[in-house]
Amino acid sequence: MLMKQQSLAMAADQPFEQYCKPTRREEFLKTMQVIVPWAALCEVIEPYYPKAGNARPPIGLERMLRIHFIQHWFNLADLSCEEALYDSASLRCFVGIDLGREPVPDATTILKFRKLVHDNKLGEALFARVGAVLQSKGFRVNTGTIVDATIIGAPSSTKNADKA
């Protein structure tokens with residue numbers, strides 16, 4: 001994802017307080033930024049994603065995919081996801097939204113993307129792929145509320161002799 005120079009609005013979201021520490025959500029999102037194969041996931045959706053034409057240009061595919069995963073990781077409805085993106089600098093940073101340059105995609109846009117993924121039966125493949133990557137790194141993601149989604153080190157299975 002191409003990152004632009006931050007606007008003053010984005011820089012204002014960065015804390016200047018002396019006593020600041022990363023939250024569990026920030027740490028989770030930083031980890032997901034690094035280990036999820038975003039480009040490969042975009043390739044799965046790209047054939048189905050609207051192309052620029054006569055209508056309003058579509059929002060970047062990777063941005064919408066990241067929003068889709070945020071919805072699942074933090075158990076957010078479309079409107080709640082839109083509001084969370086306006087409310088949380090860490091979520092906006094993960095998605096790549098700079099409020100000094102652009103608004104957050106609205107709930108209807110988020111809904112349409114979710115519907116596109118569902119209608120084309122892409123969701124299971126996407127989440128299975130991410131799940132496999134996380135498992136290979138020894139992680140398991142528990143979904144939950146926006147304040148408590150965390151990465152948990154998951155022990156390998158001991159159900160059979162091959163530990164598979």
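A short reminder: the numbers here are calculations on the coordinates, not readings from a lab. This is a predicted model, so every value here is computed, not measured.
3J(HN,Hα) couplings calculated from phi for the stretch 32-39 with the Karplus curve 6.51 cos²θ - 1.76 cosθ + 1.60 (θ = phi - 60°) are, in sequence order, 5, 4, 7, 8, 7, x, 4, 4 Hz; Gly and Pro show x. Between the amide H of residue 139 and those of 154, distances stay under 5 Å, these residues lying 5 or more places away or on another chain, with hydrogens modeled in the peptide plane. Over all pairs of different C-alpha atoms, the stretch 37-149 has a mean inverse distance whose reciprocal, the Kirkwood radius, equals 14.8 Å. Phi-derived couplings, Karplus 6.51 cos²θ - 1.76 cosθ + 1.60 at θ = phi - 60°, listed residue by residue for the stretch 18-26: 6, 10, 10, 9, x, 8, 4, 4, 4 Hz, with x used for Gly and Pro.
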